[in-house]
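> Below is one structure. I have some questions about it.
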């Protein structure tokens, strides 16, 4: 299998991800607002403002809410760090994330116990 390319290209920025989340949330919110607004108008009537004003209020409020939360969620979910920060993160986290076999773990644990026994024996003397 060939090695992966050295440079993958730039992904979308956080601002672009936020805009994309807001646009997607707006679309979902408009749809949900249309469905629930229509249902509410059919069940309870349009009220004094009329059908169009009531339906548009449902749709716009739902779209604004969904847009806000999806924009925030897409920013929170963005895990893209600049390359120099990714390298630093990998450098510092690599020893803590190393996976060992059960035999290596048992050997390390026995060695630590032996060091602890020696330290306790030396402190009792």
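> In what sequence do 30, 42 fall when counting other Cβ within 10 Å, fewest first?
42, 30
> Also, quick follow-up: So, by mean Cβ neighbours within 10 angstrom, what's the order for 13-21, 60-68, 48-56 with the highest one leading?
Details: 13-21: 14.6, 60-68: 17.4, 48-56: 13.0.
My ranking of the peptides, most packed first, is 60-68, 13-21, 48-56.
Coordinate-derived values only; no laboratory data. Since this is a predicted model, take the numbers as computed values, not measurements. Cβ atoms come from the backbone with ideal geometry, glycine included; neighbour counts cover every protein chain shown.
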